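Read through the structure below, which is laid out as structure tokens, and then see the notes.
The values are calculated or read from the model by the stated rules, or taken from the named source; none is laboratory data. Keep in mind that this is a model prediction, so the values were computed, not measured. Virtual Cβ from ideal backbone geometry, glycine too; neighbours counted across all protein chains shown.
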Amino acid sequence: MNTIHPSVTIGKNVQLGGGNDIGPGCVIEDGVIIGSRNKLWMNVYIGPGTTIGDGNQIHMGAVIGHLPQDLTFSGGASFTKIGHRNTIREYVTIHRGTKEESATVVGDDNFLMANAHLGHNCQVGSRTILTNLATLAGYCEVHDGAVISGMVVIHQFTRIGQLAMVSGLSAVNKDVPPYLLCGGRPAVIQGINAVGLRRAGLAPPVREEIKRAYRLLYRESLSVSHAMKAIEQECKSTQLKVLIDFVKSSTRGISAGISSAEPQEEETILPRKPKNIL
């Protein structure tokens with residue numbers, strides 16, 4: 001049985017599972033599908049073509065599935081797909097796809113903090129954290145376990161790799177490879193995400209391989225193609241295959257690294273001399 005406040009507006013052909021708690025002032029547009037055991041706090045807006053799974057918490061003023069902020073949007077049917085057990089905090093905005101039949105997709109167990117924004121056609125994996133005011137332009141990708149800190153802006157079509165971390169106040173305009181720490185304006189790779197890798201339970205030998213791959217790619221003055229060949233020869237774990245595939249599939253190029261002559265700091269927004277700009 002669902003608990004629905006009398007002030008809620010529900011459109012046509014809406015499908016609701018069981019055990020949902022929908023607070024005052026919420027608007028659920030035509031054709032929305034909502035699973036079970038979700039809590040919608042007051043004044044949540046769910047746009048047409050949105051599918052929401054089970055066990056999500058959507059806080060006050062969140063907007064999910066509204067029109068994309070894209071001047072080329074022609075008004076065709078497009079979608080927003082939200083998985084299970086996500087926490088979507090106050091005033092988060094998630095816009096639906098811009099091309100007809102396309103979708104913005106969010107996986108499972110994500111934590112989107114207040115005022116985060118996902119532009120049209122973004123693809124967010126599972127177990128990610130988007131901190132307050134993290135802003136993703138259209139067609140960005142955030143892979144499983146990545147962390148995007150507060151007030152970060154990410155250029156359209158840019159990818160953030162698995163278990164990568166972007167430090168606060170950064171501006172990212174190139175792909176951030178998996179497992180690495182990135183920051184600055186423009187953002188550069190500053191090292192490996194050592195804390196994140198330990199928290200994710202990666203075994204010490206795998207972490208050592210990641211460290212070796214980072215040095216080959218960013219600290220030994222190799223071209224990207226030569227670094228990738230060396231990584232393929234030396235690093236054999238499944239996690240390193242993820243990194244190799246990510247770099248090879250990059251269309252924007254991967255983020256540059258800091259100069260090897262400078263001290264390696266975990267977080268900074270100071271300008272850096274770039275190395276291996278791709």
*asked:* Please determine whether any residue of the range 141-151 is of a type outside the set (Gly, Ala, Ser), crowded, with 24+ Cβ neighbours inside 10 Å and either assigned to a loop (DSSP other than H, G, I, E, B) or in contact with a Lys or Arg (Cβ under 7 Å, 6 or more places away or on another chain) (or both).
replied: no
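Please verify whether ALA77 is of a type in the set (A, V, I, L, M, F, W, C) and either out of contact with any Gly (no Cβ under 9 Å at 6 or more places or on another chain) or farther than 22 Å from ILE33 by Cα (or both), treating the condition exactly as stated.
For ALA77, the condition - of a type in the set (A, V, I, L, M, F, W, C) and either out of contact with any Gly (no Cβ under 9 Å at 6 or more places or on another chain) or farther than 22 Å from ILE33 by Cα (or both) - is not met.
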*Considering only the range 242-278, state which residues are more than 18 Å from SER221 (Cβ to Cβ), surrounded by 14 or more Cβ atoms within 10 Å (Cβ to Cβ), at pLDDT 95 or above and of a type outside the set (Ser, Thr, Tyr).*
VAL242, LEU243, ILE244, PHE246, ARG252
*asked:* Tell me whether the range 119-136 contains one or more residues that are at positive phi, hydrophobic (A, V, I, L, M, F, W, C) and in contact with a Gly (Cβ under 8 Å, 6 or more places away or on another chain).
replied: yes
*Filter the range 2-26 for residues that are surrounded by 15 or more Cβ atoms within 10 Å (Cβ to Cβ) and either in a strand (DSSP E or B) or touching a residue at least 40 places away in the same chain (Cβ under 8 Å) (or both) and give the result.*
ILE4, ILE10, LEU16, ILE22
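For the structure I just gave you, tell me whether GLN239 is surrounded by 14 or more Cβ atoms within 10 Å (Cβ to Cβ), under 25 Å from ALA116 (Cα atoms) and in contact (Cβ under 8 Å) with a residue 40 or more places away in the chain. Steps first, answer last, please.
Values: surrounded by 14 or more Cβ atoms within 10 Å (Cβ to Cβ): yes; under 25 Å from ALA116 (Cα atoms): no; in contact (Cβ under 8 Å) with a residue 40 or more places away in the chain: yes.
Answer is no for this residue.
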*Return yes or no: is GLU29 crowded, with 18+ Cβ neighbours inside 10 Å and of a type in the set (Asp, Glu)?*
yes
*Which of the residues that make up the range 209-225 are in a helix (DSSP H, G or I) and either of a type in the set (S, T, N, Q) or exposed (fewer than 13 other Cβ atoms within 10 Å of the Cβ) (or both)?*
SER225
*Members of the range 122-156 that are in contact with a Ser or Thr (Cβ under 9 Å, 6 or more places away or on another chain), over 17 Å from HIS84 (Cα atoms) and aliphatic (A, V, I, L, M)*: ALA134, LEU136, ALA137, ALA146, VAL147, ILE148, MET151, VAL152, VAL153, ILE154
*Looking at this structure, is LEU197 crowded, with 19+ Cβ neighbours inside 10 Å and under 19 Å from GLY107 (Cβ atoms)?*
no
_Where ALA171 falls short, out of the listed (1) under 26 Å from GLY83 (Cα atoms); (2) of a type in the set (Gly, Ala, Ser); (3) touching a strand residue (DSSP E or B) at 6+ places or on another chain (Cβ under 6 Å)_ = (1)
*Among (1) surrounded by fewer than 24 Cβ atoms within 10 Å (Cβ to Cβ); (2) among the hydrophobic types (A, V, I, L, M, F, W, C); (3) touching a strand residue (DSSP E or B) at 6+ places or on another chain (Cβ under 6 Å), the one test that VAL188 misses*: (1)
*Does GLY168 satisfy the condition of being under 23 Å from LEU130 (Cβ atoms), small (Gly, Ala, Ser), modelled with pLDDT of 95 or more and part of a loop (DSSP other than H, G, I, E, B)?*
yes
*When residues of the range 60-89 are filtered for being over 19 Å from the mean Cα position of the chain (by Cα) and surrounded by fewer than 21 Cβ atoms within 10 Å (Cβ to Cβ), how many remain?*
11
_Of all residues in the range 152-185 being in contact (Cβ under 8 Å) with a residue 60 or more places away in the chain and farther than 21 Å from LYS248 by Cα, the one that is surrounded by the fewest Cβ atoms within 10 Å (Cβ to Cβ)_ = ARG185
